[in-house]
1. How do D213, D265 rank when sorted from fewest to most other Cβ atoms within 10 Å of their own Cβ?
2. At a 10 Å Cβ-Cβ cut-off, how would you order M353, M82, fewest neighbours first?
3. Can you show me the helix-derived [θ] at 222 nm for the chain, built from DSSP H runs with n ≥ 4 at -39,500 (n - 2.57) apiece and divided by the number of residues, rounded to the nearest 500.
4. About the Cα centre of region 257-367, what is the dipole size in debye to 20, counting +1 per Lys and Arg Cβ and -1 per Asp and Glu Cβ, all else neutral?
5. Based on DSSP H assignment, which helices of the chain show an axial Cα extent of at least 20 Å together with a mean Kyte-Doolittle hydropathy greater than or equal to -0.5?
6. Among I301, G287, I188, whose Cα projects farthest towards the positive end of the dipole of the chain, with charges put on the beta-carbon of Lys, Arg (+1) and Asp, Glu (-1)?
7. Toward the positive end of the charge dipole of region 381-424, about the Cα centre and with charges on Cβ (Lys, Arg +1; Asp, Glu -1), which of C386, G409, Q397 goes farthest?
8. So what is the relative contact order for region 335-418, in percent, with contacts set as C-alpha pairs under 8 Å and at least six apart?
Amino acid sequence: MANADTSFQLTAPTSQFERQELFGLFLAGLATLALLVAWVGAGGLAPWALLLFSTAAYTVGGYLYFKRHLKRPAGIDNDGLMFSSSTMRGAFGWVLGVVFTGVYVLLYFFPSTLEGLIAMTDPLSEIMRGRGADEWFMYGFLYTLAVLVMGIRMLIKYRHSTYQIVRTISVMFFQLGFAFVIPALLQIFNQPEFYFHYFWPLEHNYLFPSTVDFFTDTTRLGVFMIVWGGLMTFVATPVLTYFYGKRWYCSWVCGCGGLAETAGDPFRHLSDKSLKAWQVERWMVHGVLVLVTIGTAILWINSAMEGGLLGGFSNAFASAYGFYVGAIFSGVIGIGFYPIMGNRVWCRFGCPMAAILGLLQKFYSRFRITTNNAQCISCGNCSTYCEMGIDVRWYAQRGQNIIRAACVGCGVCSEVCPRGVLKLENGPQEGRYNGPVLNDGEYAFVEPDESWKAGRSGDGAPSSDNGQQVFMGEDIPVLSDEEWR
Ligand code: SF4
Ligand code: SF4
C-alpha cells in the first residue's frame with residue numbers, strides 16, 4: 001500500500017526547480033533589479049552597463065528557466081498552471097497585475113517619473129535614431145525585449161508544432177524589425193516615424209486628414225507610406241482575410257497580438273468563456289469600430305469644410321479617442337490586466353482592427369476550424385486554453401465547424417487537444433457553416449437505457465451502433481458509413 005508521500009502522478013513532477021532553473025530565475029531577478037536601479041536614477045550614470053546587463057540577464061535567465069520544458073517529451077506541457085499563484089489569479093498574479101497596470105499609468109500619465117529608465121536607453125536611441133530617448137523609445141525597447149525573451153519560451157514549449165514555431169518567429173520578426181528597428185532608422189534619415197505593419201483602424205490616425213496632410217507634405221516616402229497604409233487597409237486586409245482568416249494579422253503580424261502570444265501565453269486560460277462575456281465582447285468591439293469609423297468620417301468632412309462642421313471639436317474627438325481607447329484601453333487595461341483577465345482583453349473587447357477582420361472572417365473567408373466529434377472525449381482542454389474565450393468544446397462535441405469572428409487562429413486549441421479533433425483549415429466557402437447536424441438533418445434519439453444496451457466502447461463509455469460515443473438521453477447525429485470514415 002502506498003504511503004502518504006507516494007505520488008500517483010504518472011508523469012514526472014515538475015514543480016521542483018533544478019539548479020539551472022533556479023539560476024535562471026536568479027538572473028531574471030537580477031535583470032529586474034538592474035531596471036529598478038536604472039529607474040531610481042542610475043540609468044543616466046551607467047546606461048550601457050545597465051541596458052546590456054538587463055538584456056543579457058533576461059535572455060540567458062529566461063532560456064535557463066524555460067529549458068525545463070525540454071525535460072519533458074515534446075508536446076504542450078501545462079502542468080501546475082492551475083495551481084500557480086501567478087497564473088491562477090493568486091496573490092502573485094494580482095501583484096503582477098498591479099505592477100503591469102502601474103507601469104502603464106506612469107507611462108501615460110507621469111512619464112517624467114520614468115526618467116531614469118529613459119536615460120538608460122539614451123545611447124541606444126542616439127545610435128538608432130540620431131537623437132535621445134523618450135518614454136516611447138524606452139517602452140518600445142522593453143516591449144520588444146519581452147516579445148523576444150518570451151518568444152524563446154514559446155519556441156521551446158511548442159517545439160513539436162511547425163505552425164507554432166513559424167508563427168512565433170513571425171511575431172518576433174515583426175516586433176523587432178517593423179515595430180522597433182525600422183521606425184527608428186527612418187528618423188535617422190529624416191523620414192517620418194512610421195509602422196508599416198499597423199494600419200487603420202488599429203493605428204487610427206493613419207487615415208486622419210491631419211496625418212495624411214503631414215505625410216504627403218514631407219517626402220516622397222511619406223506619400224508612399226500613406227498609399228501603403230490605404231492599400232493595406234482596403235485591399236490587402238480583405239484579400240488576405242478571405243484566404244487565411246483573421247490569423248494572418250492577429251497571430252502572425254500585429255504587435256499587440258505578438259505580446260499576447262508570447263508574454264501573455266501563461267495567462268491564456270484566464271479568458272472568460274461565459275455567454276455574457278461573448279455578448280459584452282460583441283457590443284464593445286463593434287462599438288469601438290463604429291466610433292473610430294464615424295470619427296474618421298467626421299474628421300474628413302470637417303477638413304473638407306475647413307472646420308465649418310464642428311470646428312475644433314473633431315480634433316478634440318481624435319485626441320480623446322487616441323487617449324482613452326488607443327492608450328488606456330489597449331495599454332493599461334489590455335496589457336496590465338493579463339494576469340487577471342487573460343492575454344487578449346484588448347483584442348477581444350476593444351480592437352477595431354479585430355472587429356473588421358472578425359466580420360470578414362465570419363462572412364467572407366475560407367478559414368474554419370474543422371472538428372471530428374467522433375474523437376472528442378469532452379475533456380475541455382480546447383475551451384480552457386482558448387485565449388479568445390471561445391467554448392471550442394461546444395463545437396467539437398457537435399462536429400460543427402468553428403467560424404467565430406473572435407477566433408485569431410492561434411491554433412492552441414488544436415495543439416492541446418489530446419485526440420486530434422481540431423484542424424485549422426482554409427477551404428471553399430461552400431459548406432463552411434455545417435451546423436451541428438452531420439447527415440442532412442437526420443437525428444436519432446437514443447433512449448438512456450438503450451444507449452447502455454447498444455454497447456460499450458472499450459473505455460466503458462456508451463456508444464451507438466456505429467461506435468460513436470453518445471450522451472445519455474441526448475439527440476445524437478447518426479453518421480453514414482462514408483461520414484464515419
Ligand atoms: S480538447 Fe479535443 S477531445 Fe478535448 S474537448 Fe476539445 S476537441 Fe474534445
Ligand atoms: S478557437 Fe482555437 S485557434 Fe481560435 S482563438 Fe481559440 S484557441 Fe485560438
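Please treat every number below as a calculation from the coordinates, not as lab data. Only a predicted model underlies this, so the values are computations on that prediction, with no experimental measurement involved. FYI the Cβ positions are ideal-geometry reconstructions off the backbone, even for glycines, and counts take in every protein chain you see.
1. D213, D265
2. Starting with the residue having the fewest Cβ neighbours, the order is M82, M353.
3. -15000 deg cm²/dmol
4. Rounded to the nearest 20 debye, it is 420 debye.
5. 19-39, 47-66, 91-109, 135-157, 275-304
6. I188
7. Farthest along the dipole direction, towards plus: Q397.
8. So the answer I get is 32 percent.
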